[in-house]
Amino acid sequence: MPGLIVKLKNLLVKGLKLPIKLVAVFLKFMLWLIIKLKTWLVKGLEIAVMLVMGLLVIDVVLGVFTRYVLEDQIEWTEELAKILLVWVSMLGASIGFIRKSHLGVDYFFNKLNEKWKIIGEVVIYLFVAFFASVALIYGGSRLVYSAFENKQTTSALVWYWYKIYLVIPICGFFIIIFCIETVLENILLLFKKRHSTVKE
């Protein structure tokens, strides 16, 4: 019985060799494309976070100066600080996720062998991509659309809320791009491991 299973496996692998190679080439091309896109996008994202953080520091210093030195705080500084803090937090969370510097409990994950670590990472990043799609992209887009329809504005700056809420789907977009890249890298790793075991 085990000999029959080995023969069937070899037959299946030989029969699927060409399509598997085509899939591997396609995945490599997609990974290359995503890495190029991600590199360009991450640089833009990092510059945006630095600019927003700089504006936040200037705004807070201005608010403190006008409140304690001039004893008449500019009314929009507090509102602007809250908005900029939300943008810095969301965009910073995207950068943290891309650099893999977010919190994670990996005690049990590190106990797995290499193959199951790869499979586990694929499953985890698929869940993260699903969450980002539903909560950040879909939910964020609904929030933006709702605020756009209602023409809601902030009280001091009189800015439209939909422009402020745009950071939510933007954050989701970056997280999904990184999830796709990681999933493709891990699938290619599985292909390489499978190919090397078949050769042996």
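Does any residue of the range 182-189 turn out to be under 23 Å from Val25 (Cα atoms) and either outside any helix (DSSP H, G or I) or of a type in the set (D, E, K, R) (or both)? Yes - at least one qualifying residue is present in the range 182-189. For the range 168-181, filtering for residues that are more than 11 Å from the chain's Cα centre (by Cα) and modelled with pLDDT under 95 leaves 0. The condition of being touching a Pro at 6+ places or on another chain (Cβ under 9 Å) and not basic (Lys, Arg) holds for Tyr138.
From the list Gly63, Gly92, pick out the single residue that is more than 30 Å from Leu189 (Cβ to Cβ), modelled with pLDDT of 90 or more and among the small types (Gly, Ala, Ser).
Exactly one of Gly63, Gly92 is more than 30 Å from Leu189 (Cβ to Cβ), modelled with pLDDT of 90 or more and among the small types (Gly, Ala, Ser), namely Gly63.
Only one entry in Ser155, Ser101, Ser94, Ser146 is touching a residue at least 40 places away in the same chain (Cβ under 8 Å) and out of contact with any Leu (no Cβ under 7 Å at 6 or more places or on another chain), namely Ser155. Only one entry of Ser94, Ser133, Ser101, Ser155 meets the criterion of being in a loop (DSSP other than H, G, I, E, B), hydroxyl-bearing (Ser, Thr, Tyr) and either in contact with an Asp or Glu (Cβ under 6 Å, 6 or more places away or on another chain) or closer than 19 Å to Leu41 by Cα (or both), and that entry is Ser101.
The values are calculated or read from the model by the stated rules, or taken from the named source; none is laboratory data. Everything numeric here is computed off the predicted structure, so don't read it as measured data. Cβ coordinates were reconstructed from backbone atoms using ideal geometry, including for glycine residues, and neighbour counts include every protein chain displayed.
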